[in-house]
């Protein structure tokens, strides 16, 4: 039904506008009596066999929603009803920012992909906190954090620490987003020595904020799919040295090889991060390399090009402990979550 009737209507409109329209629609539907119950009945699978225990957290199933969808933590309570095991909000920056100029979100329908150069548009830390205070406790929440675009290199760490401190009591784990290709001033974030410094400072703060009521939060690093083997070896060494809890592989790609979209169309779109089916194999290769080369030394959340249950199983076979969807959710609809969980049970 989604692909036959709903998607063609949604895809007839501007991607960014329809994104927020869909939010409003889902919010509205959840205010109608019995609709949340019907949605849960249609999409959720509740089975103990799907549970995953990682970095001190129990995920009710291994299928999550990647960051970038619910940037401002507006709709995570409703998304829980669609069967996700966890939802990652953000990327959150200390101050709200409008992001890059529009138009900045583009569908590649023939490739089942999306190119975006949103530029960490979000309403900022204060808004995210207010939204997370409405958490009904139905789902685990990840906090994906970044720096403001206007922040100078000497202020990067302070931005991450501000977000970490503000969200610490409201999220279950953190993701340091250091690999998004859509934020202009990214000096230092590709430097392994700086990443060690950043992770160390965040870990210190994590220890300081830990109480009986608020446990220490797992910290993960989100990496690009375009890293070569030497760079991936550096990531493995970094995780080993800093003892962070895991890696998310991977973010969007700047690579345009092998696309069906014409050269003219790609030139018209311009720069941005590519997600969806075109990054599937690259993302899986990164997961496989990290898993095998590290001898499965740390958990990996696999994301990139998951549009079917078999795509998710590929990620798991490559070494992913959990998976996340985003572009596949847009192209395939909410039934994708149930299909993946069913396949994992089988």
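Any read-out appearing in this document is the output of simple, stated calculations on the displayed coordinates, not a laboratory observation. As the structure is a prediction and not an experimental result, all values here were calculated from the model. Note that each Cβ is placed from the backbone with ideal geometry, even for glycine, and that neighbours are counted across all protein chains shown.
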Problem set entry | Per-bin percent of Cα-Cα distances, the stretch 178-256 [5 Å] | 3, 13, 23, 24, 17, 11, 6, 3, 1, 0
For this session: From the C-alpha gyration tensor of the chain, pull out the three semi-axes of the equivalent ellipsoid (sqrt of 5λ each), sorted largest to smallest, in whole Å.
Result: 27, 24, 22
Exercise. Classify the stretch 16-88: rounded, prolate or oblate, from the alpha-carbon gyration tensor (a ≥ b ≥ c, eigenvalue square roots; a/c under 1.5 rounded; otherwise prolate if a/b is larger than b/c)?
Worked result: oblate
Problem set entry | Theoretical ellipticity at 222 nm over the chain - DSSP helices of four or more residues, -39500 (n - 2.57) apiece, nearest 500 | -11500 deg cm²/dmol
Exercise. Along the principal axes of its C-alpha atoms, what lengths does the stretch 67-168 span, in descending order and rounded to whole Å?
Worked result: 41, 38, 17
For this session: Using label points projected 7 Å from each Cα along Cα→Cβ, tell me how many nm separate residue 14 and residue 212, to one decimal.
Result: 5.3 nm
For this session: Would you mind ranking 88, 212, 207 by Cβ crowding within 10 Å, fewest neighbours first?
Result: 212, 207, 88
Problem set entry | Residues in the stretch 253-274 that a label on residue 103 would reach, taking backbone N under 12 Å of a point 7 Å out along Cα→Cβ | 265-266, 268-270
Exercise. So how do 299-308, 217-226 stack up, highest first, on mean other-Cβ count within 10 Å?
Worked result: 299-308, 217-226
For this session: Have a look at the stretch 3-139 and give its Rg and Dmax from the Cα atoms, expressed in angstrom.
Result: 16.3, 45
For this session: Please report how far the C-alpha centroid of the stretch 282-346 lies from that of the stretch 133-176, rounded to the nearest whole angstrom.
Result: 24 Å
Exercise. What fraction of the Cα pairs in the stretch 108-233, stated in percent, has a spacing above 21 angstrom?
Worked result: 46 percent
Seminar exercise, completed: As a Kirkwood estimate from alpha-carbon pairs, the stretch 66-120 has a hydrodynamic radius in angstrom of 12.9 Å
Exercise. Counting alpha carbon pairs within less than 8 Å and at least 6 residues apart, what relative contact order, in whole percent, applies to the chain?
Worked result: 17 percent
Exercise. Can you put 229, 168, 19 in order, fewest other beta carbons within 10 Å first?
Worked result: 229, 19, 168
